[in-house]
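Asks: I'd like to ask you about the structure that follows.
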Amino acid sequence: MERRKDAFFAEMERQRDAVTFDEVLLKTGYSTIELPKISLVGRFSRNCPLKRPFVSAAMDTVTGYRMAIAMARLGGIGVIHRNMSPKKQAWHVARVKNHLNVRIADPPPVCVRDTATVEEVLNERRRKRYPFESFLVVDENGKLVGVITGQDFDFCVDKTRQVRTAMTPRSDLEVASPEISDDEAFEAMVRMKKKRLPLENEDGTVAGLFVFSDLVRARSGTNMHNTDERGNLRVAAAIGVGDGVLEHVELLLNERVDVVVVDTAHGDSERVLKAVRRVKMEFPMLDVVAGNVSEGDSARRLIEDGRADGVKVGQGPGSICSTRTVTGTGCPQMTAIHQCELAVRDSGVPVCADGGISTPAHVTLALAAGAESVMMGRMFAGTKETPGETLFRQGQRVKVYRGMGSRSAMRDSRASRERYSQSDKFAPEGVEAVVPYQGSVSEVVGNLEGWLRSSLGYVGASSIPELHEKADFRRISSEGRKESDPHDVTVTPEAVSSAAMDLSDDEAFDDEGFLDENDAADWYQ
Ligand code: IMP
């Protein structure tokens, strides 16, 4: 199916030319659209929907479980990086999946035996890195006999005591039947001021558990959460192509990972195709995204030969990437996205545009070129949710952001070396950097969403599929680029300009012919 923008890119292809974000602008079009009603629904892979088309990069300075939780709560998805052991990565996945565990029933809550010692339970808790402190206590028949909480552990001075002597016994607990609904459980816990509500089968065995903090979390902003059919947040995880790939995926699947991403710098290679095929053969129900590629034929091979459920596009556009500089290969990102999307357009497999997003406009342009989601590293780097400490450099708060192919990442991790097909002697394809600390990622995503809505309004598109249909581009010169950015003024910080204009004097404001606040809002919808 032909689209408006195809002619633009075909013409360029004829001239063996290619463009990236800052070389084009989208044409505006007739619009009847109310910005809040625009749908930003996209897909990361064939079966993984997104409520907002944003994906955080599989980088060790971007996505651990904290970022993945935040991204899914904001309607997107995070890809947990792989510069750690598969076991540890599975633990990160579990943290995300358990974050909104409204009803802990399948898998059942972790229970401990009444005859175990407090010390044994504490050791087990540490060893398995459980992110919670309380446990249901059962007898030898699996029947509920009590609950032991963090407070019970704290006040139990003699840790050799048996759990049954330190717990709150069943007779002092409020319990409910498994038929209770989530809302009823919430109301009951509020009424009884109970932080936990165990669910008990008729024969006294454990059927499940509600935890109040989970219910509160799940009820706030629920309609934006990107959740699976069980109500848990969606999460993806990066994998490699080595021998242990199937065992690695199995560990992730045990924690109910939603998508795995075969994460390499060159996705159009036999070892990647082989890995994707093996994973799809062994786990046909699991969505596999593969990459990275930047040519149409490469994208087609990934889905036809590899049976990938998503294609990740981007070879060399990343902010911390030096691949193009040191290898002289790659393709400017707008052209790469379009080529790949065109090649897989009729397959039902979505394209994720990965890398090079340095302004909000780039997000819209990447989607308009054909992507259904946009993966970002730099945009989210430096936020509170990224792994790593906040540092001070020349009086400024900063966080580290480094390429997965940077010297330090390759030195620290075999996975990084494998991503770039390097052995012990490695040639870096990325740099290490620091970026300003930028608070919570929810602010970043909120701003990106606002600008994306505006862009769709200008184009006259009410959704991402409509943007795909209607998008058409003009190439711009460097003069056009200059005109696009603020120019011929000295831009002052917002606080300075607000203070200089006394906006409290409404009459003077009107007299000078300025728009009043409502008019200004209409202007920008
Ligand atoms: P950014 O959003 O422009 O910062 O780009 C992030 C993307 O760059 C990631 O999702 C990766 O695909 C890619 N990337 C990460 N580390 C490196 C590297 O060291 N060299 C080249 N590309 C990298």
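The values are calculated or read from the model by the stated rules, or taken from the named source; none is laboratory data. Everything numeric here is computed off the predicted structure, so don't read it as measured data. Cβ placement follows ideal geometry from the backbone for every residue including glycine, while neighbour counts extend to all protein chains displayed. Ligands, DNA and RNA are excluded from the accessible area calculation, which covers all protein heavy atoms including side chains. Shrake-Rupley method; radii C 1.70, N 1.55, O 1.52, S 1.80 Å.
Asks: With θ set to phi - 60°, apply the Karplus curve 6.51 cos²θ - 1.76 cosθ + 1.60 along region 485-494 and write out the HN-Hα couplings as whole Hz, x wherever there is a Gly or Pro.
Replies: Using θ = phi - 60°, the values come out as 8, x, 8, 6, 9, 9, 6, 9, x, 3 Hz.
Asks: What angle, in degrees between 0 and 90 and rounded to the nearest 10, separates the Cα long axis of helix 118-128 from the longest principal axis of the Cα atoms of the chain?
Replies: 20 degrees
Asks: Show me the three semi-axes of the equivalent ellipsoid for the chain, from the C-alpha gyration tensor (sqrt of 5 times each eigenvalue), largest first, rounded to whole Å.
Replies: On the way: eigenvalues 397, 186, 102 Å².
That gives 45, 31, 23 Å for the three semi-axes.
Asks: Just tell me which aspartates and glutamates come within less than 16 Å, Cα to Cα, of LYS143; anything on the same chain fewer than 8 places away is out.
Replies: Hits, sequence-local ones excluded: ASP114, ASP172, GLU174, GLU200, GLU202, ASP203.
Asks: Let me ask something additional. Sort THR32, THR327, THR386 by accessible area with a 1.4 Å probe, largest first.
Replies: Values: THR32 110, THR327 65, THR386 10 Å².
Correct descending sequence by accessible area is THR32, THR327, THR386.
Asks: Something else now. With the Cα gyration tensor of region 310-389 giving a ≥ b ≥ c as the square roots of its eigenvalues, does the rule (a/c under 1.5 for rounded; else a/b larger than b/c for prolate; else oblate) give rounded, prolate or oblate?
Replies: Numbers: a/c = 2.09, a/b = 1.37, b/c = 1.52.
Taking the square roots of the gyration eigenvalues as a ≥ b ≥ c, region 310-389 is oblate.
Asks: Moving on. In square angstrom, rounded to the nearest 10, how much accessible surface does PHE212 have for a 1.4 Å probe?
Replies: Rounded to the nearest 10, that gives 60 Å².
Asks: Sticking with this one: About its Cα centre, how strong a charge dipole does the chain have in debye, to the nearest 20, once Lys and Arg get +1 and Asp and Glu get -1 at the Cβ?
Replies: Numbers: 69 positive and 80 negative charges, 509 e Å.
Using only the charged Cβ atoms, the result is roughly 2440 debye.
Asks: If you don't mind, another one. Evaluate the Debye formula for region 53-198 with equal point scatterers sitting on the alpha carbons, no solvent, and hand back log10 of I(q)/I(0) at q = 0.09, 0.12, 0.16, 0.19 Å⁻¹, in q order, two decimals.
Replies: Taking Cα atoms of region 53-198 as identical point scatterers yields -0.38, -0.65, -0.98, -1.14.
Asks: If you don't mind, there's one more thing I want to ask. On the first, second and third principal axes, largest extent first, how far apart are the outermost C-alpha atoms of region 272-316 in Å?
Replies: 31, 15, 13
Asks: Going by the alpha-carbon gyration tensor, a ≥ b ≥ c the square roots of its eigenvalues, is region 208-259 rounded (a/c under 1.5) or, if a/c is not under 1.5, prolate (a/b greater than b/c) versus oblate?
Replies: Details: a/c = 3.93, a/b = 2.27, b/c = 1.73.
Taking the square roots of the gyration eigenvalues as a ≥ b ≥ c, region 208-259 is prolate.
Asks: Of ALA461, ILE337, PHE21, which is farthest along the charge dipole of the chain in the positive direction, counting Lys and Arg as +1 and Asp and Glu as -1 at C-beta?
Replies: In the chain, that residue is ILE337.
Asks: If you don't mind, there's one more thing I want to ask. Could you work out the relative contact order of region 103-219, using alpha carbon pairs under 8 angstrom and six or more residues apart, expressed as a whole percent? Show your work: numbers first, answer last.
Replies: On the way: 179 pairs, mean separation 32.1, N = 117.
Over region 103-219, the number comes to 27 percent.
Asks: With a probe of 1.4 Å, find how much accessible area the chain has per residue, and write the answer as a whole number in Å². Show your work: numbers first, answer last.
Replies: Values: 25950 Å² over 525 residues.
About 49 Å² of surface per residue is accessible.
Asks: Also, quick follow-up: Using only Cα atoms, find the angle between the long axis of helix 86-99 and the longest principal axis of the chain, and express it within 0 to 90 degrees, rounded to the nearest 10.
Replies: Value to nearest ten degrees: 80.
Asks: What are the radius of gyration and Dmax of region 258-396, computed over its Cα atoms and given in Å?
Replies: Computed over the Cα atoms of region 258-396, radius of gyration and Dmax are 16.0, 53 Å.
Asks: As I understand it, the value is the acute angle between the Cα axis of helix 245-254 and the longest principal axis of the Cα atoms of the chain; what does it come to in degrees, rounded to 10?
Replies: The answer is roughly 60 degrees.
Asks: If you take the square roots of the eigenvalues of the alpha-carbon gyration tensor of region 1-111 and sort them as a ≥ b ≥ c, do you get rounded (a/c under 1.5), prolate (a/b over b/c) or oblate?
Replies: On the way: a/c = 3.14, a/b = 1.89, b/c = 1.66.
Prolate, since a/c reaches 1.5 and a/b exceeds b/c.
Asks: Could you sort TYR458, TYR30, TYR437, TYR65 by accessible area so the largest value comes first, with the probe set to 1.4 Å? Mind showing how you got there, number by number?
Replies: On the way: TYR458 130, TYR30 190, TYR437 65, TYR65 35 Å².
Output order, biggest surface exposure first: TYR30, TYR458, TYR437, TYR65.
Asks: Additional query: Using a simple charge model, +1 on the beta-carbon of Lys and Arg, -1 on the beta-carbon of Asp and Glu, nothing else, what dipole does region 103-219 show about its Cα centre, in debye to the nearest 20? Before the final figure, lay out the partial values.
Replies: Working: 19 positive and 22 negative charges, 116 e Å.
Roughly 560 debye for region 103-219.
Asks: In addition: Only Cα pairs under 8 Å and at least 6 apart count here; give the relative contact order of the chain as a rounded whole percent. Spell out each step's value before the answer.
Replies: Values: 1038 pairs, mean separation 106.2, N = 525.
Result for the chain is 20 percent.
Asks: Measure off, as a whole percent, the carbon and sulfur share of the 1.4 Å-probe accessible area of the chain, all protein chains present.
Replies: Carbon and sulfur together cover 49 percent of it.
Asks: Going from most exposed to least, what order do TRP91, TRP451 have by accessible area with a 1.4 Å probe?
Replies: On the way: TRP91 50, TRP451 130 Å².
In descending accessible area the options line up as TRP451, TRP91.
Asks: Helix-derived [θ] at 222 nm for the chain: sum -39500 (n - 2.57) over DSSP H runs of at least 4, divide by residue count, nearest 500?
Replies: Values: 22 runs with 198 residues, N = 525.
Roughly -10500 deg cm²/dmol at 222 nm, from the helical runs in the chain.
Asks: Continuing with this model, one more query. Using modelled amide H (1.01 Å from N, peptide plane; none on Pro or chain starts), what sits under 5 Å from the amide H of CYS331, excluding residues fewer than 5 places away?
Replies: HN-HN under 5 Å from CYS331: GLN315.
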